[in-house]
1. If you rank M11, M191 by fewest surrounding Cβ atoms within 10 Å, what's the result?
2. If you average over every viewing direction, what projected area does the convex hull of the Cα atoms of the chain give, in nm²?
3. For K171 paired with Q81, estimate the spin-label separation in nm (one decimal), with each label point 7 Å from Cα along the Cα-to-Cβ line.
4. Whole-Hz ³J(HN,Hα) for each residue in the range 207-222, computed from phi via Karplus 6.51 cos²θ - 1.76 cosθ + 1.60 with θ = phi - 60°, x for glycine and proline: what do you get?
5. Can you tell me how the range 30-94 classifies by the Cα gyration tensor, rounded, prolate or oblate, using a/c under 1.5 as the rounded cut?
6. Is it possible to state the helix-based mean residue ellipticity at 222 nm for the chain, with each DSSP H run of 4+ residues giving -39500 (n - 2.57), the sum divided by total residues, to the nearest 500 deg cm²/dmol? What is it?
7. Would you mind pulling out the separation of the Cα centroids of the range 77-141 and the range 144-169, in Å?
8. Residues with amide H under 5 Å of F192's amide H, sequence separation 5 or more or different chain, H placed in the peptide plane at 1.01 Å from N; which?
Amino acid sequence: MNVPNMERRNMNFQNKHFLFDFDGVISQSPYTLFKAWRFAFHKVAKVDINKEEYYLLEGIGVQKTVEILGSKYNIEPSYYQSIINIKDNYFRKEYTFKVFKSTYEIINILKNNRRKIALVTGAKKYRILESVPKNFLDQFNILVTSDDVVNTKPNPEPYLKAAKLLNVNEKDCIVVENAPLGIQSAKNAGMFVVALKTTLPKRYLSEADLILKSIADLFRFI
């Protein structure tokens, strides 16, 4: 465990509300998403993207992901929508909803202690609603997707909007993230950030206030 700034921030987890990223924090979906994107880019443009370059873009949204990778590999923009459609179809066929160990227990503890909780994701709303059981989504007070904001992560808008919808001050929020762009988004929103090493090593998560292995490690703080 790495605890870089706990003394400086003097964070009291007991009095805070939690804003969770989805892919790689709650759901074990990032690898399926990567395979879907890799399959789509290869099928359309014979390009093989790598896992790290995709994970570094997590949270930025579907459209910006295809634009950034498309530009990097000199793919004509006219192919972008085909890549997205193929990615979506692959994901629908291959993904089975599965959360990380201890997720349900963490959620129950927070709810039982009257904390507000939110899902704040760069995913499109249709993917979340299609692939995540409604009874799981209903555990959260609110859901913010890329469709609900003008500016996706690393802009602070997603997390600021979540705080506003929860009717809480951003200083009373703890964000749980796994990606650099999500960490930047939350820090830009003035929030305390816990980073999880579920998709990327610690060196990519250094802007977070606290780095843990997985969501299960939150037990010691909440």
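1. M11, M191
2. 11.3 nm²
3. Between K171 and Q81, the simple spin-label model gives 4.7 nm.
4. 6, 6, 7, 8, 10, 10, 6, 7, 4, 4, 6, 5, 3, 6, 10, 9
5. Rounded, because the longest to shortest axis ratio a/c is under 1.5.
6. -11500 deg cm²/dmol
7. Spelled out, the Cα-based centre of one part sits 16 Å from the other.
8. Those lying under 5 Å, H to H, from F192 are C173, V175.
Every number in this text was worked out from the coordinates using simple rules, so none of it is lab data. Here the structure is a predicted model, which is why all the values come from computation and not from measurement. Note that each Cβ is placed from the backbone with ideal geometry, even for glycine, and that neighbours are counted across all protein chains shown.
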